[in-house]
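Novice: Mind having a look at this structure? Questions to follow.
The values are calculated or read from the model by the stated rules, or taken from the named source; none is laboratory data. Keep in mind the model is a prediction, meaning the values are calculated, not measured. Heads up, the Cβs are rebuilt from the backbone with ideal geometry, glycines too, and the neighbour counts pull from every protein chain shown.
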Amino acid sequence: MQANQSDKSLYTRNTLAAIRELDIALAHHINWLRQIHTTLITDVPCPPADLRLDAHHHCEFGQWYYGEGMAHHQHEAGFAEIEQSHQSMHDAGRLLLSHRVTGAPINLAEYELFMDLAIGFKQEVRTFQYSLINQVCTVDHLTGAWNRHAMVMKLAEESERTQRSGQCCALCMMDIDHFKRVNDQYGHKVGDEVLQAFTSIVSIELRKYDSLFRYGGEEFLMLLPSTTLDNAALLLNRIRETLAAKPITASGGQVIHLTASFGVAQLACHEPIEDALEHADHALLAAKANGRNKVCVWEMPVN
């Protein structure tokens, strides 16, 4: 089951903040390197903080890493690796600065190691930052569902899996019934809240390996791996009934009664993805034509 909308929205905000913080941290990193070199080649005194054994905890980057960064991203791939790179860089810098303080000569190998570590640290941070950017770029920021970019990638992955394994996979097009009336009667702010609530209600019913995508506007696509059309129809009817029975209360107190129409088709291993999407869309149109608030299944013709 996907995370609920509020959790995903919070994650997105934290991730965007982390991307900005990492840019700031790298700017501080460049300034710190400049300061290190100034200290090594001039009479400028060595900052006492850089001689501490835990200097990597107290620099500008360290304060973010062990604070906001660890609170929100410690389980992200690549985050833990940054810590060792960062600490090793500070250890190497402290060794050079200690030579400067005692008047001992700077060893070329030690200096080159420091520079290699400093460059490696910057690359580690950039790699982690790019991974965060990629994650944010796959999420619809209003609803917390995956966006069209993520949908294209996931459909390709699932299509390849069905071709390789022969397992079934259902996909469903969903459309909120008469959504334009909500916007016209209550305004777009309430409309946005309805989209968010719809996403949360649907997400609660999904398994952890199912996926929900915002296809556009009030239209969503659901990908259900290892699911037959019959089982998909059972799930979608349960979602349909939940939506119809659970009015949404907007922040302004407006009570919105919501229904949705569903069209489901098989992601067949021998057909292009575009065909499956077209079949699900045709089934959705049939659901609307038959009075809405229905689930229609596209049955493959038998040869």
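Novice: Scan (1) in contact with a helix residue (DSSP H, G or I) (Cβ under 7 Å, 6 or more places away or on another chain); (2) modelled with pLDDT of 85 or more for the single condition N31 breaks and write down its number.
Specialist: So the condition that N31 fails would be (1).
Novice: Just for strands (runs of 3 or more DSSP E) wholly inside the range 127-236: which have at least 1 residues that are closer than 21 Å to A286 by Cα, at pLDDT 90 or above and more than 22 Å from the chain's Cα centre (by Cα)?
Specialist: 169-176
Novice: Now for a different question. Considering each of A55, A109, A71, A77 in turn, give the residue that is surrounded by 15 or more Cβ atoms within 10 Å (Cβ to Cβ) and not charged (D, E, K, R).
Specialist: On the way: A109 fails: surrounded by 15 or more Cβ atoms within 10 Å (Cβ to Cβ); A71 fails: surrounded by 15 or more Cβ atoms within 10 Å (Cβ to Cβ); A77 fails: surrounded by 15 or more Cβ atoms within 10 Å (Cβ to Cβ).
Every option except A55 fails the conditions.
Novice: Then there's this: Which one of these is part of a helix (DSSP H, G or I) and either loosely packed, with under 15 Cβ neighbours inside 10 Å or not assigned by TED's automatic domain parsing to the domain that holds A170 (or both): D281, D275?
Specialist: D275
Novice: Here are the criteria: (1) without any contact (Cβ under 8 Å) to a residue 60 or more places away in the chain; (2) surrounded by fewer than 19 Cβ atoms within 10 Å (Cβ to Cβ); (3) closer than 29 Å to C137 by Cα. Tell me which single one G291 does not satisfy.
Specialist: Against the list (1) without any contact (Cβ under 8 Å) to a residue 60 or more places away in the chain; (2) surrounded by fewer than 19 Cβ atoms within 10 Å (Cβ to Cβ); (3) closer than 29 Å to C137 by Cα, G291 comes up short only on (3).
Novice: State all residues of the range 248-265 that are over 18 Å from D177 (Cβ atoms) and at pLDDT 95 or above; if no residue qualifies, say none.
Specialist: Scanning the range 248-265 gives a single hit, A265.
Novice: For the range 157-182, name all the residues that are free of Cβ contacts under 8 Å to residues at least 60 places away in the same chain and touching an Asp or Glu at 6+ places or on another chain (Cβ under 9 Å).
Specialist: Hits for the range 157-182 are F179, K180.
Novice: How about the range 201-226: which of its residues are crowded, with 19+ Cβ neighbours inside 10 Å and farther than 19 Å from E274 by Cα?
Specialist: V202, S203, D210, E218
Novice: Quick one: would you say G263 is in contact (Cβ under 8 Å) with a residue 24 or more places away in the chain, in the same structural domain as S211 (by TED's automatic domain parsing) and assigned to a strand (DSSP E or B)?
Specialist: Yes, satisfied.
Novice: Now, a different point. For the range 35-90, how many residues are touching a residue at least 12 places away in the same chain (Cβ under 8 Å) and part of a helix (DSSP H, G or I)?
Specialist: Total meeting the criteria: 27.
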